[in-house]
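**Student:** Below is the structure I would like to discuss, written out as structure tokens.
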Amino acid sequence: MERLSYGSVSLVRQGEHVFYSLTLPTEILAKTCFVIDRVEDPIEGFQRELDKKRAKEIADYIDSGLGTIPSSIVLSAQQITELEYDSKKKSISFSPNIKSFLIIDGQHRVFGFMMAKTAFRVPVVIYEGLSKRDETRLFIDINSKQKGVPPELLLDIKKMADYENDQEEFLREVYDTFRTEQDSFLMSKMTPAKKEAGKISRSLFNSAVKPLIKFFGAKSTTEIYNILNSYLIAFDEAVLKRQGIRDQMFTPTVLKAIVGFFPIAAAKSKDRFGSIYTPDNFNSVLEIVGERLKKVKIEQAANSYKPLIDHFEECLRNDFSL
């Protein structure tokens, strides 16, 4: 291919390095960019393996007609590129080759561009004269010094962006009810937009409550809140308070186990009292768990909550009062 030239280029000097800021057509990026991942080449490679699913999601996002990707692709021009900058014309020219530009940051975006049917121009930053050490250091700096947005914040603002699916909307409404109702057992323990020790973020709440969606069926948010709130009040009183470990409820593993045990406790309560889910009725079911619980199981709970659910269920076995 003959040399290509692009204008409206800004030359930027930062410390010892020089780079050019401009926009390039996605089809040119697809034909001239490459990566060397660490698995493919343990000596020269430093990129992670390509996640094709993620690249396809980017392609679909672009082809939807609603997508926009304003962040720059960061490239390192290789010697074969023969990159030249014209300061008078504010342009660069280069010899296009399948290995003209090594991708430092943005490989999934570039491969998404390759898979997309839609072509457009995207911002790029092209470094010139980088050694392999420089390229590797730049990759480390980009991926270690830029902090991603916490998932708690993204969940908290999804409604504003009109990005919620039905499940996320349902979980948000239940979470917000627990956060605002005066009789909520969790009201002072909710932290919607960030992670905080001893409190329940949206992401933790969602992961704990999501498995219950099918269990609740067509019940309203208010009904679900009242039932779950009664259960949590009873579990705290009958089990955690009795064992002297009330503060453990708000650790992720224990909270997931307590919520995960809810369908079993609710079924036992329904057998005995019908569909009247009050704290007292739940307490009648859970008091045997409080008597038999080995609190070390909770105090030493690791990352898996399912063994805790099994232990709670084991405490209910052979309880003839039920």
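**Student:** Kindly indicate which of 219, 117, 210, 194 is touching a Leu at 6+ places or on another chain (Cβ under 8 Å) and outside any helix (DSSP H, G or I). Full working, then the answer.
**Tutor:** Numbers: 219 fails: touching a Leu at 6+ places or on another chain (Cβ under 8 Å); 117 fails: touching a Leu at 6+ places or on another chain (Cβ under 8 Å); 210 fails: outside any helix (DSSP H, G or I).
The unique qualifying residue is 194.
**Student:** Inside the stretch 177-202, can you point out the residues that are in contact (Cβ under 8 Å) with a residue 12 or more places away in the chain and in contact with an Asp or Glu (Cβ under 8 Å, 6 or more places away or on another chain)? Step through it out loud before you land on a result.
**Tutor:** We begin by selecting, within the stretch 177-202, every residue in contact (Cβ under 8 Å) with a residue 12 or more places away in the chain; these are 177-179, 181, 183-186, 189-195, 198-202.
Residues satisfying the conditions are 185, 191, 192, 193, 194, 195, 198, 201, 202.
**Student:** Let me ask you something else. In this structure, does residue 214 turn out to be more than 23 Å from residue 314 (Cβ to Cβ) and under 27 Å from the mean Cα position of the chain (by Cα)?
**Tutor:** Details: more than 23 Å from residue 314 (Cβ to Cβ): yes; under 27 Å from the mean Cα position of the chain (by Cα): yes.
So residue 214 fits the description; yes.
**Student:** Might you check whether a residue that is free of Cβ contacts under 8 Å to residues at least 24 places away in the same chain and in a helix (DSSP H, G or I) occurs anywhere in the stretch 247-262?
**Tutor:** Taking the stretch 247-262 first, the residues free of Cβ contacts under 8 Å to residues at least 24 places away in the same chain are 249.
Cutting the leftovers down to in a helix (DSSP H, G or I) gives us 249.
For the stretch 247-262, residues free of Cβ contacts under 8 Å to residues at least 24 places away in the same chain and in a helix (DSSP H, G or I): present.
**Student:** Any idea how many residues of the stretch 84-107 are under 22 Å from residue 135 (Cα atoms) and either crowded, with 19+ Cβ neighbours inside 10 Å or without any contact (Cβ under 8 Å) to a residue 40 or more places away in the chain (or both)?
**Tutor:** Our first condition is that a residue be under 22 Å from residue 135 (Cα atoms); within the stretch 84-107, this holds for 84-85, 92-107.
If we keep only those that are either crowded, with 19+ Cβ neighbours inside 10 Å or without any contact (Cβ under 8 Å) to a residue 40 or more places away in the chain (or both) as well, we get 84, 92, 94, 100-107.
So the count comes out to 11.
**Student:** Can you name the number of the only condition in (1) exposed (fewer than 12 other Cβ atoms within 10 Å of the Cβ); (2) in a helix (DSSP H, G or I) that residue 141 fails?
**Tutor:** Only one criterion is unmet by residue 141, namely (1).
**Student:** A follow-up question, please. Give the residue, chosen from 205, 215, 235, that is assigned by TED's automatic domain parsing to the domain that holds residue 164, of a type in the set (A, V, I, L, M, F, W, C) and surrounded by fewer than 17 Cβ atoms within 10 Å (Cβ to Cβ). Steps first, please.
**Tutor:** Working: 205 fails: surrounded by fewer than 17 Cβ atoms within 10 Å (Cβ to Cβ); 235 fails: surrounded by fewer than 17 Cβ atoms within 10 Å (Cβ to Cβ).
Criteria check complete, one pass: 215.
**Student:** If only one of 279, 263, 252 is of a type outside the set (Gly, Ala, Ser), surrounded by fewer than 21 Cβ atoms within 10 Å (Cβ to Cβ) and within 26 Å of residue 150 (Cα to Cα), which one is it? Give the steps one after another, and end with the answer.
**Tutor:** Working: 279 fails: within 26 Å of residue 150 (Cα to Cα); 263 fails: within 26 Å of residue 150 (Cα to Cα).
252 is the lone residue from the list that is of a type outside the set (Gly, Ala, Ser), surrounded by fewer than 21 Cβ atoms within 10 Å (Cβ to Cβ) and within 26 Å of residue 150 (Cα to Cα).
**Student:** Is at least one residue of the stretch 162-176 crowded, with 18+ Cβ neighbours inside 10 Å, assigned by TED's automatic domain parsing to the domain that holds residue 103 and in contact (Cβ under 8 Å) with a residue 24 or more places away in the chain?
**Tutor:** Within the stretch 162-176, the first condition is being crowded, with 18+ Cβ neighbours inside 10 Å, and the residues that meet it are 170-172, 174-175.
Next cut, assigned by TED's automatic domain parsing to the domain that holds residue 103 only: none.
Within the stretch 162-176, none of the residues are crowded, with 18+ Cβ neighbours inside 10 Å, assigned by TED's automatic domain parsing to the domain that holds residue 103 and in contact (Cβ under 8 Å) with a residue 24 or more places away in the chain.
**Student:** Still on this structure: Which strands (runs of 3 or more DSSP E) does the stretch 1-69 wholly contain that include 3 or more residues that are modelled with pLDDT of 85 or more and within 18 Å of residue 142 (Cβ to Cβ)? Walk me through it before giving the result.
**Tutor:** Values: elements: 4-6, 10-14, 17-25.
Passing ranges, in order: 17-25.
**Student:** If a residue must be under 17 Å from the mean Cα position of the chain (by Cα) and β-branched (Val, Ile, Thr), how many such residues does the stretch 127-182 contain?
**Tutor:** Looking only at that region, the number is 2.
**Student:** With the condition kept exactly as written, say whether any residue in the stretch 308-320 is closer than 24 Å to residue 177 by Cβ, surrounded by 13 or more Cβ atoms within 10 Å (Cβ to Cβ) and in contact with a Ser or Thr (Cβ under 9 Å, 6 or more places away or on another chain). Reasoning before the result, please.
**Tutor:** Let us first name the residues in the stretch 308-320 that are closer than 24 Å to residue 177 by Cβ, namely none.
No, the conditions are met nowhere in the stretch 308-320.
**Student:** Right, another one. Please enumerate the residues belonging to the stretch 70-96 that are part of a loop (DSSP other than H, G, I, E, B) and either at positive phi or at pLDDT 90 or above (or both).
**Tutor:** Keep residues of the stretch 70-96 that are part of a loop (DSSP other than H, G, I, E, B), which gives 70-72, 78, 82-83, 87-90, 95-96.
Passing the criteria: 72, 78, 82, 83, 87, 88, 89, 90, 95, 96.
The values are calculated or read from the model by the stated rules, or taken from the named source; none is laboratory data. Just so you know, these numbers come straight off a predicted model, no measurement behind them. Every residue, glycine as well, gets a Cβ built from its backbone with ideal geometry; the counts of neighbours run over all protein chains shown.
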